[in-house]
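Comments concern the structure below.
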Amino acid sequence: MSYKIKDALSRGLKLVVVDPRKTELASLADLWLPLRPGSNVALANGMAHVILRDGLYREEFIRERTEDFEAYARYILTEWPLERVERITGIRKDYIEQVARLYARAERALIFWGLGVAEHRSGSYGVMALANLALLCGHVGRPGTGAMPLRGQNNVQGACDMGALPYVLPGYQKIEDPLVRKKFEEAWGRPLPQRPGLTEPRMYQEALSGNLRALYIVGYDVAQTHANLKMVHQALINLDLVVVHDIFFPKTGDFAHVVFPVACLFEKEGTTDNGERRVQRIRKLVDPPADLPSDWEILVEIARRMGYDMNYRSPRDIFEEMRRLMPAFAGITYERLEEQGLCWPVPHEDHPGTGIMFEQSFATPTGKARFAVPRYWPPEEEPDEVYPFLLITGRRLFHYNCGSMTRRVEGLMELLPEELVEMNPRDARRLRLRERDQVRVVSRRGEIVARVHVTSRVPVGTLFMDFHFLDPLTNTITSAGMDVKVHTPEYKVAAVRLEKLS
């Protein structure tokens, strides 16, 4: 995505970057807003205040295609004066006004965000606040407009489409809907629960209390990448059965009773779905070592031994069931995917796919988008005298997620061989720390040891670390906070202190 943005910059794109760190794109931006971590909701609501106050919103679009505008506008204008926004975000109000006007007056405008918006106590409301901005200005349903999350891993979109969320069935169909449940029960031959399941953080809490006894983990190294790792490790120890499913032996395998090695992406057949909802065919390029099975084959065999015949003989069988049960996939066939991918919804086989969503209406009962009221919760903890630094965690260019793949690449390890603690030069001078000094980073939940990297990319009083390495396990010290609505861990804000090691 950054290459596409850089290419657009050469053609005159105006770019605003909102990030506490001065990223590479921030250095290229027309305007960089180094907001205080955890204040995304406040900044978006402040922009909305300017747009509403100055009459920059698209009245016709709002009247014809949205609902609940009056309640939203009343909330923004009364609860979010710019003086409050400036105090929470640390961004001067004249900059907020400048960005709001630039966005509202643009013929086309896009909002992209990553996990720096989602991984906060107010994360889900941060996403709603950004979507509200797009609705306010009619930047939806047209080429070059919209509000889009940049997915953190390949096929995250596909996993969500297939129902890997605790509150929906495949195709985002509501489990509380009796007609939806009846359709799936007839297809699967078993009764379904009538209520949503547990979110992942709730699973660990239930494991600690003894109410959850088993966990089946597929392609996810929770013992390295989840937040507040001491709690997660104790929850895994507390379980009667932990099953792990991965292409490499992960840290979570240390806690597992059963580990299934499986074929990787290029060793199996199937489909994948990317961030633009494009369903694509995956074809086996090489045979897996030792005839390792694919994920679906293991699951089918376990189901058979538990007394339920899933009756799939190939990935294509599974895809055909998806087509029958998911209206958005009804028109996608393997034959059509031979030529090129298709963006769902594809309601029938003559449909060309939907490259741009919401051109005419929204996927709601009324066909209109509803303005949310995005509330703000401050971070779980703030720096104080004992823990004076604010720690942000995230990813670096040279490694991918838990590093289980990229740490096996010699060239990438030469570029970034270890975990680093990024800190501002002023903080380094004050603590008499120099480049590559070893420090102990301590939070209320634990401590780790790593080397210092002195850089002006991070503001004074702020540290940045990644979680790509097994030693140290950075997420041992991350916050215990969670999103108030969907329980995403608060990876982005934790109070810590530094201790220099000899």
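The values are calculated or read from the model by the stated rules, or taken from the named source; none is laboratory data. Owing to the predicted nature of the structure, the values given are computational and were not obtained by experimental measurement. Here the Cβ is made from the backbone with ideal geometry for all residues, glycine too, and neighbour counts use every protein chain on show.
For the stretch 275-307, give me each residue that is free of Cβ contacts under 8 Å to residues at least 60 places away in the same chain, within 21 Å of Leu215 (Cα to Cα) and not in a loop (DSSP other than H, G, I, E, B).
Trp296, Glu297, Ile298, Leu299, Val300, Glu301, Ile302, Ala303, Arg304, Arg305
Take the residues of the stretch 318-359 that are touching an Asp or Glu at 6+ places or on another chain (Cβ under 9 Å), in a helix (DSSP H, G or I) and among the aromatic types (Phe, Trp, Tyr): which is modelled with the lowest pLDDT?
Among those residues, the one meeting the criterion is Tyr334.
Checking Ala227 against (1) at pLDDT below 95; (2) aliphatic (A, V, I, L, M); (3) within 30 Å of Ile356 (Cα to Cα): exactly one of these is not met. Which one?
Unmet for Ala227, out of (1) at pLDDT below 95; (2) aliphatic (A, V, I, L, M); (3) within 30 Å of Ile356 (Cα to Cα): (3).
Does Ile237 fit the bill of being surrounded by 14 or more Cβ atoms within 10 Å (Cβ to Cβ), closer than 26 Å to Phe469 by Cα and of a type in the set (A, V, I, L, M)?
No.
Given the conditions (1) without any contact (Cβ under 8 Å) to a residue 60 or more places away in the chain; (2) in contact with a Leu (Cβ under 6 Å, 6 or more places away or on another chain), which single one is not true for Asp54?
Condition not satisfied by Asp54: (2).
Quick one: count up the residues across the stretch 447-473 that are outside any loop (DSSP other than H, G, I, E, B) and either of a type in the set (A, V, I, L, M) or at positive phi (or both).
So the answer is 7.
Would you call Val244 closer than 30 Å to Phe469 by Cβ, at pLDDT 95 or above, in a strand (DSSP E or B) and not acidic (Asp, Glu)?
Yes.
Can you confirm whether Asp68 is more than 28 Å from Leu390 (Cα to Cα), charged (D, E, K, R) and touching a Lys or Arg at 6+ places or on another chain (Cβ under 8 Å)?
Yes, satisfied.
Quick test of your reading of the structure: Ala26 fulfils all but one of (1) free of Cβ contacts under 8 Å to residues at least 24 places away in the same chain; (2) in a loop (DSSP other than H, G, I, E, B); (3) buried (at least 17 other Cβ atoms within 10 Å of the Cβ). Name the failing condition by number.
The one condition Ala26 does not meet is (2).
Taking the stretch 247-264 only, how many residues are of a type outside the set (Gly, Ala, Ser) and either part of a helix (DSSP H, G or I) or free of Cβ contacts under 8 Å to residues at least 24 places away in the same chain (or both)? Spell out the reasoning first.
Residues of the stretch 247-264 of a type outside the set (Gly, Ala, Ser): 247-252, 254-255, 257-262, 264.
Retained after the next criterion (residues that are either part of a helix (DSSP H, G or I) or free of Cβ contacts under 8 Å to residues at least 24 places away in the same chain (or both)): 249, 251-252, 254-255, 257-259.
Adding up the residues that qualify gives 8.
I'm checking my understanding of the structure. Among residues of the stretch 380-409 that are touching a His at 6+ places or on another chain (Cβ under 8 Å) and polar (S, T, N, Q), which one is modelled with the highest pLDDT?
Once the filter is applied, the top-ranked residue is Thr406.
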